[in-house]
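The values are calculated or read from the model by the stated rules, or taken from the named source; none is laboratory data. Keep in mind that this is a model prediction, so the values were computed, not measured. Neighbour counts are summed over all protein chains in view; Cβ atoms, including those assigned to glycine, are modelled from backbone coordinates with ideal geometry. Side chains are part of the model used for accessible areas, which takes the heavy atoms of the whole protein and leaves out ligands, DNA and RNA. Shrake-Rupley method; radii C 1.70, N 1.55, O 1.52, S 1.80 Å.
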Amino acid sequence: MTAAIEADIIVIGGGAAGFAGALEAAERGASVVLLEKQPETGGSSAMSGGCLAFAGTDMQRAQGIEDTAALLARDLRQLGGDDADEALIEAYAANQLATYDWLKAHGQLFSPVLEASSGQSVPRVHTVDPADMVRLLAARCLATGRVQLVTGMAGRRLRRDSATGRVTGVLAEGSAGPLEARARRGVLLASGGFSRNPDLVRQFAPECEHAVFIGGDGCVGDGLRMAWALGADLRDMAQIKGTFGKHPTDELNNHSCLCVYKGAIAVNQDGRRFVDESLSYKLLGAACLRQPYGASFQILDEPILRSGDNEVRILDFERRLEEGLFIQADTIEELARQIEVPEAALVKTVADYNAGVNAGEDREFSRKHLVHNHGALRRIETAPFYAYPSTAAVYGTYCGLRVDPEMRVLDVFGERIEGLFAAGEVVGGFHGRAYMTGSALGKALVFGRIAARTAVGANSGG
Amino acid sequence: MQVVVLLAGIVDPKWRLERLALRPDTGQADETGLPKRFSPFDEAALETALKLRDAEPAVRCTAVVVGDAASDPLLRAVLAFRPHRAVRLDTSGLALWDPLAAVRLLGAALDALGAQPDLLLMGREFGDVDDGVLPALLAEARGCLFFGQAHAVTPAEDGPLAVRMRGPREEQQRLPSPALVSMTNDRGNRLRHPLMKNIALAKRETLEIVSPPPRHFARAVEARSLSVVPPPSRGAGACRILGGPLGAQVAELADYLRGWRGEVPQ
Ligand SMILES: Cc1cc2nc3c(=O)[nH]c(=O)nc-3n(C[C@H](O)[C@H](O)[C@H](O)COP(=O)(O)OP(=O)(O)OC[C@H]3O[C@@H](n4cnc5c(N)ncnc54)[C@H](O)[C@@H]3O)c2cc1C
């Protein structure tokens, strides 16, 4: 006989979205069973850079940074273009500050430095130790006494009431056999993206073939397919892109390195720039994959290298220098020889760029800022000079199930699939064309909590 | 100056070794399908050769990967660093754990390559089964000056200079031709990353495989069996994982640290 288990809410996936949802539901009195496929929880969340996009926080105020939910929403809209779902942007903007406060109230520590990164008009990257954050949420879940965690248990199929069509549970499978997990109030899909499923990625984004793929081992799109099988609609599937700044041959660092956001330029193997480097790193990634060999170099000088921030993984230049990942030379000519790009071309590229900085006008690509609308450009002029080999890596799939702002999953006709909720990377429609640093992990937490509130009936209309 | 670097590779320790056996009727480990990589010593030797190449236009750098077809990915990896020449020396039928036989084979191979190296570089341990004697034996057999466990070989006007640290001392040796230097790994000789462009080019290159002339390399050492020894079970050593409630674990750790005098064994 198949083993069975029952709770108010069944959560599939033990990453940031799953635990945020489980904790929120438990704090509202609901019982929760959280199924995690892998032997360990954490997913992509635990291996992430730990960057969270929050606006209007006490940390920002203390550092004199003026930021608001409205400015955050404007940036998200600007980045996402027409593809981003306005209702989801509003939902994020309206709930993010409360989620920051909630995290803090649960004892989450943030690194003291705030940085501006991809897509941000002001410094709003709030950095946590991501693995610690997931552990903290998991511990808080268990402390409520209402959350049961089952690891090594993969959700396989959603169960529906044959009469009403309502999702009533999940058929799961572990090493000991199958498990019927019944949900009295709803199933929350928090199973992450599918960056570790190259076949599925290829189906939607064949141009990413040469990218590097990084993500939690369990992130192969199970939840997406389970809901898809029930007719769920999908959003942003054409927006899968690699993120720029991954060293193509370094297997130790999972993270990108974004020297461009501190003033570096990106050049291809011909020694030429190919993009406005202040754009979202998702767009830089797409541009990079179109260059010869799908690779490029970030070119910088000593002051830019020293302006990195060792507390933020995507900006910790000095540590990577120590690891031997930067190529270093006393002159641009020598640097060009080492990276085997034509010397004259690289010298001219750097000279033209510097002249543009002086003149306040980048003739070639109209770059105006270090990143998005933030920071004044700097010349590349003080030896030693450095090159950081860079390609694009798919860290997340940024696309997935269509949900309403209460995180109910909608089918291809725009109708609710009753009893089914989704949050985190399995959700599409929020990012649209480009991507803001900290909005994926942020989305996991913020949307995870919204989904839980809807499922337990705490949101209006839930 | 002809620099030849000999590279063996090892079974990638990142993956747990589930099976290991001799190929039937050979003295060879059956490593079919096991992922291989260069050891840190191989990498140090290769980086040293590349540094010499970069510093001196007159240096001709040949990289020799020793192994059977399973080592071809290693050969492509080497090609991505663009040595002047890179070949795989086919060792089908030879087990490196027999150092005398291995020396004979490597010697014959160098002759087959037509290489008259002024400087031979190799890792301080060669492959998974060498206990460190192979470089010295090979030097002896080829009439080379031997310098073991070097950290660096730097070019200089009157011949390259090999350097090693022995405790607080630094030892230097001017290298005559021919010389054989075994390298140990060090911060300064960590293998660089190849350029993407060269990885892509290396993927398309035709591989050069050299087979030493068919000759009988009598083996002195015969292995009869080979198997994986399971790692010691947890708790078998002096280390133990604290158990029980978190508070009790913290208290036990604190007690332990309080009693600890920080003595370091001499
Ligand atoms: C290297 C890296 C760096 C990143 N850096 C950042 C950053 O700094 N800021 C940012 O905003 N975003 C970042 N991202 C993206 C971000 O981490 C993810 O989008 C986010 O953490 C997703 O959270 P999640 O809870 O939805 O999914 P995950 O954290 O991936 O969790 C999903 C969980 O579900 C489990 N699961 C999957 N299928 C099943 C199943 N069938 N049954 C049961 N369980 C299942 C998985 O094993 C996994 O544990 C990064 C990603 C990576 C890979």
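I'd like to check something: does the range A:273-289 contain any residue that is within 14 Å of another protein chain (Cβ to nearest Cβ), buried (at least 23 other Cβ atoms within 10 Å of the Cβ) and in a helix (DSSP H, G or I)?
Yes, the range A:273-289 has at least one match.
Taking A:G192 as the residue in question, decide whether it is within 14 Å of the chain's Cα centre (by Cα), within 14 Å of the ligand (Cβ to nearest atom), closer than 17 Å to A:L34 by Cα and not hydrophobic (A, V, I, L, M, F, W, C).
It is true that A:G192 is within 14 Å of the chain's Cα centre (by Cα), within 14 Å of the ligand (Cβ to nearest atom), closer than 17 Å to A:L34 by Cα and not hydrophobic (A, V, I, L, M, F, W, C).
In the range A:308-327, what residues are more than 11 Å from every other protein chain (Cβ to nearest Cβ), of a type outside the set (D, E, K, R) and open to solvent by 30 Å² or more (accessible area, probe 1.4 Å)?
Residues satisfying the conditions are A:N310, A:L321.
Just name the residue that is farthest from the other protein chains (Cβ to nearest Cβ) out of those in the range A:254-272 that are open to solvent by 10 Å² or more (accessible area, probe 1.4 Å) and within 23 Å of the chain's Cα centre (by Cα).
The qualifying residue farthest from the other protein chains (Cβ to nearest Cβ) is A:K262.
Name the strands (runs of 3 or more DSSP E) wholly within the range A:371-434 that hold at least 1 residues that are farther than 17 Å from A:M226 by Cα and either more than 16 Å from the ligand (Cβ to nearest atom) or touching an Asp or Glu at 6+ places or on another chain (Cβ under 7 Å) (or both)?
In the range A:371-434, the matching strands (runs of 3 or more DSSP E) lie at A:385-394.
What tally of residues in the range A:201-242 results from selecting those that are touching a Leu at 6+ places or on another chain (Cβ under 9 Å), within 15 Å of the ligand (Cβ to nearest atom) and modelled with pLDDT under 95?
Counting residues in the range A:201-242 that are touching a Leu at 6+ places or on another chain (Cβ under 9 Å), within 15 Å of the ligand (Cβ to nearest atom) and modelled with pLDDT under 95 gives 4.
Can you tell me how many residues within the range A:224-241 are crowded, with 18+ Cβ neighbours inside 10 Å and either among the aromatic types (F, W, Y) or within 21 Å of A:D85 (Cα to Cα) (or both)?
The number of residues fulfilling the criteria is 9.
Can you name the residue in the range A:441-462 that is touching an Asp or Glu at 6+ places or on another chain (Cβ under 6 Å) and within 16 Å of the ligand (Cβ to nearest atom) and is also least open to solvent (accessible area, probe 1.4 Å) among such residues?
The extreme case among them is A:A452.
Name the pairs whose Cβ atoms lie under 6 Å apart, with the first residue in the range B:176-202 and within 14 Å of chain A (Cβ to nearest Cβ) and basic (K, R), the second buried (at least 18 other Cβ atoms within 10 Å of the Cβ) and part of a helix (DSSP H, G or I), and 6 or more positions between them or separate chains?
Once the first residue is within 14 Å of chain A (Cβ to nearest Cβ) and basic (K, R) and sits in the range B:176-202, its partners that are buried (at least 18 other Cβ atoms within 10 Å of the Cβ) and part of a helix (DSSP H, G or I) give B:K197/A:Y293.
With open to solvent by 50 Å² or more (accessible area, probe 1.4 Å) and away from the ligand (no atom under 12 Å from the Cβ) as the only criterion, which of A:A30, A:A26, A:A70, A:A55 stands out?
A:A70
Sort out which residues of the range A:290-307 are among the polar types (S, T, N, Q) and open to solvent by 10 Å² or more (accessible area, probe 1.4 Å), and write them in order of number.
Result: A:Q291, A:S307.
Could we say that B:A223 is surrounded by 13 or more Cβ atoms within 10 Å (Cβ to Cβ), modelled with pLDDT under 95 and within 14 Å of chain A (Cβ to nearest Cβ) here?
Answer is no for this residue.
Matching residues to (1) open to solvent by less than 60 Å² (accessible area, probe 1.4 Å); (2) touching a Ser or Thr at 6+ places or on another chain (Cβ under 6 Å):
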{"position": "B:A102", "(1), (2)": "yes, no"}
{"position": "B:L106", "(1), (2)": "yes, no"}
{"position": "B:A112", "(1), (2)": "yes, no"}
{"position": "B:P117", "(1), (2)": "yes, no"}
{"position": "B:L120", "(1), (2)": "yes, no"}
{"position": "B:D130", "(1), (2)": "yes, no"}
{"position": "B:R142", "(1), (2)": "no, no"}
{"position": "B:G148", "(1), (2)": "yes, yes"}
{"position": "B:H151", "(1), (2)": "yes, no"}
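From the residues in the range A:179-208 that are among the charged types (D, E, K, R) and touching a residue at least 60 places away in the same chain (Cβ under 8 Å), which one is least open to solvent (accessible area, probe 1.4 Å)?
The selected residue is A:E180.
Can you tell me which of (1) more than 20 Å from B:W97 (Cα to Cα); (2) more than 14 Å from chain A (Cβ to nearest Cβ); (3) free of Cβ contacts under 8 Å to residues at least 12 places away in the same chain is the one B:V229 doesn't meet?
It fails just one condition, (1).
Working only within the range A:298-324, note down all residues that are assigned to a loop (DSSP other than H, G, I, E, B) and more than 16 Å from the ligand (Cβ to nearest atom).
If the condition is that a residue be assigned to a loop (DSSP other than H, G, I, E, B) and more than 16 Å from the ligand (Cβ to nearest atom), then A:S307, A:E323, A:G324 are the ones that fit.
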